[in-house]
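Below you'll find the structure, written out as structure tokens, and then a few comments.
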Amino acid sequence: MIKQWVIPDVHGCVNTLKVLIENQIKPNKTDQLYFLGDYIDRGPDSKGVIDYIMNLQRNDYDVTALLGNHEDYCINAYDEDKKAKGFLGIRTKSRIQKEWERYGGIQTMQSFDVESPRDIPESYIEWMRQLKYYVELDDFIIVHAGLNFSNEDPFEDQRAMIWIRDFKVDAERIKNKKVIHGHVPVNLEFIDMAINSSGYKFIDLDNGVYYQRRAGYGNLVALELTEMKYLVQSLMDDVQFKGV
């Protein structure tokens with residue numbers, strides 16, 4: 001039986017991701033892996049996370065990778081830095097770069113061994129640019145953050161798909177499908193309740209893998225859609241991020 005795995009925000013925690021996939025999921029190449037975005041920032045090895053997912057793709061695993069708001073931060077910081085003109089060899093940081101750094105961009109640049117967004121290898125930026133905003137399955141809409149149901153067509157608001165934090169699902173407008181997303185960390189009790197309750201119209205899988213010493217958080221979760229069973233992998237990376 002083909003299995004469909006959904007994996008939320010990894011945030012640079014490549015060792016945690018490897019253990020989850022290789023020791024717990026153990027996917028076949030016929031299985032489908034859906035990544036919800038936010039591969040980078042906060043954790044110690046954002047480059048390693050992207051390399052790992054790229055390697056799965058190169059080895060013909062069935063991988064669908066979605067865009068997260070942290071990739072959006074990185075792309076915009078890169079583009080602004082590329083456009084910036086320095087004076088006497090000095091370039092000031094753009095507003096978007098300063099903001100990105102507050103939310104973990106410093107850790108991402110460290111993983112690439114660069115000091116400026118413009119020095120991130122272009123192949124990684126282009127990989128991010130090609131990421132999808134959402135995917136529609138028979139029973140689910142899979143997206144990084146959610147959908148804007150106040151919009152006439154929820155699928156037109158791409159910014160909401162990677163940034164929205166609060167939304168009320170109008171199931172009739174998405175053919176009564178359930179929304180599966182990440183973006184906003186919730187505790188394991190809530191994740192379990194959403195997965196096992198038929199009344200919930202959405203499932204938030206983000207357990208805040210980079211959170212340390214916070215009860216009910218700090219794990220990477222994977223949900224298998226054919227049986228609606230989930231796996232929990234505790235943090236295996238040394239996260240030093242102290243920001244918001």
For region 91-109, enumerate the residues that are of a type in the set (S, T, N, Q), crowded, with 16+ Cβ neighbours inside 10 Å and out of contact with any Pro (no Cβ under 7 Å at 6 or more places or on another chain).
-> SER94, THR108
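Just give me the residues in region 69-89 being of a type in the set (A, V, I, L, M) and either in contact with an Asp or Glu (Cβ under 8 Å, 6 or more places away or on another chain) or at pLDDT 95 or above (or both), in sequence order.
Looking only at region 69-89, we keep the residues that are of a type in the set (A, V, I, L, M), and these are 75, 77, 84, 88.
Across region 69-89, the qualifying residues are ILE75, ALA77.
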By residue number, the members of region 1-15 that are at pLDDT 95 or above, over 14 Å from the mean Cα position of the chain (by Cα) and either of a type in the set (A, V, I, L, M) or part of a helix (DSSP H, G or I) (or both) are ASN15
May I ask you to list pairs of residues, at least six apart or on different chains, whose Cβ atoms are under 6 Å apart, with the first in region 1-30 being closer than 12 Å to ALA222 by Cα and touching a residue at least 12 places away in the same chain (Cβ under 8 Å) and the second being aromatic (Phe, Trp, Tyr) and crowded, with 17+ Cβ neighbours inside 10 Å?
-> VAL6/TYR34; ILE7/PHE35; VAL10/TYR39; ILE25/TRP5
Out of (1) in contact with a strand residue (DSSP E or B) (Cβ under 7 Å, 6 or more places away or on another chain); (2) within 25 Å of LYS26 (Cβ to Cβ); (3) surrounded by fewer than 21 Cβ atoms within 10 Å (Cβ to Cβ), what's the single condition that is false for LEU223?
-> (3)
Would you pick out the residues in region 118-165 that are in a loop (DSSP other than H, G, I, E, B), within 20 Å of the chain's Cα centre (by Cα), in contact (Cβ under 8 Å) with a residue 12 or more places away in the chain and surrounded by fewer than 18 Cβ atoms within 10 Å (Cβ to Cβ)?
-> TYR133, LEU137, ARG165
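The values are calculated or read from the model by the stated rules, or taken from the named source; none is laboratory data. These figures come from a predicted structure and were not determined experimentally. Heads up, the Cβs are rebuilt from the backbone with ideal geometry, glycines too, and the neighbour counts pull from every protein chain shown.
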